[in-house]
Every structure is written in C-alpha cells, then in structure tokens.
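Student: Please see the structure below; I have some questions.
What follows draws every value from the coordinates through simple rules; no lab data is involved. What you see is a predicted model; the values in this text were computed from it and never measured. Cβ coordinates were reconstructed from backbone atoms using ideal geometry, including for glycine residues, and neighbour counts include every protein chain displayed.
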C-alpha cells in the first residue's frame, strides 16, 4: 500500500508540473520551448499510472484497505520527512538562493538518511553544492537563483570567488 501512496503523491506532483507548464507565459517566438518538458511530464505520468495500476492489481483483496498504521513505519516516516524537506527547499530556494539553500538542504538530507558526523555532513554538502554549481554555472551557462536582499549580495560575492 505504501507504493500506491508514494505513486499517488508523484502523480499529483507531475500533474501540477504539467498544469504549470501548460499555463506558463512563453513569448510567441519561443512557443516550441514548452514541448520537450511536456513530453517528459506526460511520459512520466503514463508510466506512473500504469505502474500504480499494476501494483494495485497485484495486491490481494484483503490488503487493499488503507490502514493508517503505515505512517508508524520508520521508512514511511523518513519518506514523508524527505518529501517535506524537498518542498521546503523548493519554497526557500528563490528567497535564499542556491548556495545557502542547497548547502542546508544537503546537510538535512544526510541527517535524514542517518549520518550523524557533522564534519562529514558539512564537507559532503559543500562538495555537492559546489560541484552542482560548477556544472550549471560554468558548463551549462545557467546561473542558479541568487536569492533576494542580503542573500543575493552574498551569492554574487560567492560567485565572484569561484
């Protein structure tokens, strides 16, 4: 039943992404920009729905009742905590900027996954943040969000250092 719950959440997320992609304002000379993300979103939705149906059919009739005790399982709690952490990261990213929010996000993810050595957590998070920043900023020429206010000033200063 946990697989179905997880798939339902993913289907909901990709439906929201699809609606946002359809309603996004795009200049008329760049109207084909929307097509590639929509192909990916539709493909993922079709695969998720078909997987959910297959999983539902494979579950015995006695187990098809939803039981709230599933939320007492440690793995489900970690999964829900990770979902919440990702949503918080997505909400904070435009405000705080990529560098700070990704660093804190990576530290949180390593903690959720069970790491407790703070030096390793911080070092791993710094390396991941800098590697991803380097890939996007230097290789792809895409500058991640810088944040607003003092966070934008910090991000510009940090980008200047790199």
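Student: Given a Förster distance of 45 Å, report the FRET efficiency between residue 67 and residue 25 from their Cβ-Cβ distance, rounded to the nearest 0.05. Provide the component values of the computation, followed by the final result.
Tutor: Values: r = 44 Å, r/R0 = 0.98.
Calculated transfer efficiency: 0.55.
Student: If one takes the longest principal axis of the Cα atoms in the chain, at what angle in degrees, from 0 to 90 and to the nearest 10, does the Cα axis of helix 2-23 lie?
Tutor: Relative to the chain, helix 2-23 is tipped by roughly 50 degrees.
Student: Can you tell me how region 115-162 classifies by the Cα gyration tensor, rounded, prolate or oblate, using a/c under 1.5 as the rounded cut?
Tutor: Oblate, since a/c reaches 1.5 and b/c is not below a/b.
Student: If you don't mind, there's one more thing I want to ask. How much length is gained on full extension from residue 36 to residue 154, taking 0.36 nm per residue of separation minus their Cα-Cα distance?
Tutor: Full extension from residue 36 to residue 154 adds 39.1 nm.
Student: Here is a further query. Connecting C-alpha atoms closer than 10 Å in a GNM of the chain, tell me which of 91, 24, 137 has the biggest fluctuation.
Tutor: Per the Cα network of the chain with a 10 Å cutoff, 24 tops the list.
Student: How much length is gained on full extension from residue 59 to residue 10, taking 0.36 nm per residue of separation minus their Cα-Cα distance?
Tutor: Gain in length upon complete extension: 15.7 nm.
Student: Helix 118-134 sits at what angle to the longest principal axis of the chain, using alpha carbons and giving 0 to 90 degrees rounded to 10?
Tutor: 70 degrees
Student: Separation between the residue 130 and residue 45 pseudo-spin-labels, each 7 Å from Cα along Cα→Cβ, expressed in nm?
Tutor: Each label point is offset 7 Å from its Cα along the Cβ direction, giving 4.2 nm.
Student: Regarding the chain, what's the average projected area of the Cα-atom convex hull, expressed in nm²?
Tutor: That works out to 12.9 nm², a quarter of the Cα hull's surface.
Student: In deg cm²/dmol and to the nearest 500, what is the mean residue ellipticity at 222 nm of the chain if only DSSP H runs of at least 4 residues count, each as -39500 (n - 2.57), divided by the residue total? Show your work: numbers first, answer last.
Tutor: Working: 6 runs with 113 residues, N = 162.
It lands at -24000 deg cm²/dmol.
Student: Find the percent of Cα-Cα distances in region 55-144 that exceed 16 Å, and round it to a whole number.
Tutor: 66 percent
Student: Quick one: helix 35-58 against the long Cα principal axis of the chain, what's the angle to the nearest 10°, folded into 0 to 90?
Tutor: Helix 35-58 sits at roughly 30 degrees to that axis.
Student: Under the classification rounded if a/c is under 1.5, otherwise prolate if a/b is larger than b/c and oblate if not, where does region 2-89 fall, given a ≥ b ≥ c as square roots of the Cα gyration tensor eigenvalues?
Tutor: Verdict is oblate for region 2-89.
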